[in-house]
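Please read the structure below before turning to the comments.
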Amino acid sequence: MAERFTVDELKLAFTFHIVNHILQSDGEVMPSEARFLERTFPRNVFARSGFVDTSGRYTQRWQDALGEALLELPVQLTVDQRLGILETFYQAAIADSDFQYIEGTILVRSARLLGLRAEQFTARIEQLIG
């Protein structure tokens, strides 16, 4: 029987994965980016969810949640909730005050994975920048 995840667990898995990808995209995690990560994703949340073991390694449950998130989040969350996740990605991208092209590319791909249309994504980013 397939494991059941809460929507919050699926959001945590997907959001953390993409934020990590954004922060590491330029090859170096700056102190301001590390602080953003710690503030946004406290380590105890991962232990409670069973996403890391006692030594801090990611578990199979983490991998399963990540795969499930790709299937469920686009249909379980409202457009506004999915755009809220993209806001977190945007905040990660500017955590070091240097928005890079590759970070923008990751944002666009993530919007597609969440089932958002380009104009929805663009409008929200323009609001954040504006």
**Study point:** For the stretch 1-32 and the stretch 70-102, distance of Cα centres in Å
**Key:** 10 Å
Exercise for review: With no solvent and one equal point scatterer per Cα, compute the Debye intensity ratio I(q)/I(0) for the stretch 55-130 at 0.17, 0.19, 0.27 Å⁻¹ and report its log10, rounded to two decimals.
Suggested key: -0.72, -0.85, -1.25
Practice item. Could you work out the Kirkwood radius for the chain, taking every pair of different alpha carbons, averaging 1/r and inverting it, reported in Å? Key: 15.2 Å
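In whole percent, and with a 1.4 Å probe on the protein chains, what portion of the accessible area of the chain is carbon and sulfur?
Values: 3980 of 7570 Å².
After summing per-atom areas, the C and S share lands at 53 percent.
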Check your understanding: Given springs between every Cα pair under 10 Å in a Gaussian network model of the chain, which of Ile18, Ile94, Ile85 has the largest fluctuation?
Key -> Ile94
Practice item. Could you point to the residue in Leu107, Phe121, Thr6 farthest towards the positive end of the chain's charge dipole, with +1 and -1 charges on the Cβ of Lys/Arg and Asp/Glu respectively? Key: Thr6
Practice item. Give me the distance in nm between label points sitting 7 Å out from Cα along the Cα-to-Cβ direction at Gln100 and Ile129, one decimal. Key: 1.9 nm
Check your understanding: For Ala47, what charge total do you get from the other residues with a beta carbon under 13 Å from its beta carbon, if Lys and Arg give +1 and Asp and Glu give -1?
Key -> +2
**Study point:** the stretch 4-14 - phi-based ³J(HN,Hα) in whole Hz, Karplus 6.51/-1.76/1.60, Gly and Pro as x
**Key:** 9, 10, 6, 4, 5, 5, 5, 4, 4, 4, 5
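The values are calculated or read from the model by the stated rules, or taken from the named source; none is laboratory data. These numbers were taken from a predicted model, which means no experiment stands behind them. Cβ: placed from backbone, ideal geometry, glycine included. Neighbour counts: every protein chain shown. Surface accessibility is based on the protein's heavy atoms, side chains included, excluding ligands, DNA and RNA. Shrake-Rupley method; radii C 1.70, N 1.55, O 1.52, S 1.80 Å.
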